[in-house]
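No value in this document is a laboratory result; all are computed from the given coordinates. Only a predicted model underlies this, so the values are computations on that prediction, with no experimental measurement involved. For neighbour counting, all protein chains shown are included, and Cβ atoms are generated from backbone atoms with ideal geometry for every residue, glycine included.
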């Protein structure tokens, strides 16, 4: 992907990934491949996915979130979600993914999952 639609920050060996805009069939697969190559395959498996800048997600995007969570866990890490807008919260609740994912309101709360055990 030439022009990334996400930014990355490292906070105490926890990788914070912030996609922006839409996470859908046009970019979700590339996003997953990028994250797996840049992070999971490098052993950087403690991640926070800050979705505060995502305004739309489709079924392909949801599948990618599931896949990334599985990849982090299988490699000894964890994936925590934060910053969900009401629309995304509703989608995760309707699909029962809110009970599958670790979700926190803010980045600070998400960091506590890793830093406070």
How many angstrom lie between the C-alpha centres of region 88-102 and region 1-35?
20
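Please arrange 4, 18 by how many other C-beta atoms lie within 10 Å of their C-beta, fewest to most. Each step should come with its number before you reach the end.
Numbers: 4 14, 18 19.
Lowest count first: 4, 18.
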Given the -39500 (n - 2.57) contribution per DSSP H run of 4+ residues, what per-residue ellipticity at 222 nm results for the chain, rounded to the nearest 500 deg cm²/dmol?
-11500 deg cm²/dmol
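Would you please calculate the Kirkwood hydrodynamic radius of the chain over all C-alpha pairs and express it in Å, rounded to one decimal?
For the chain, inverting the mean 1/r across all distinct Cα pairs yields 14.1 Å.
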Using Cβ contacts closer than 10 Å as the measure, can you line up 56, 6 from fewest to most?
56, 6
Which distance in nm do the two modelled labels at residue 90 and residue 11 give, with both placed 7 Å along the Cα-to-Cβ direction?
2.8
For the residues 26, 60, what sequence is obtained by ranking on other C-beta atoms within 10 Å, fewest first?
26, 60
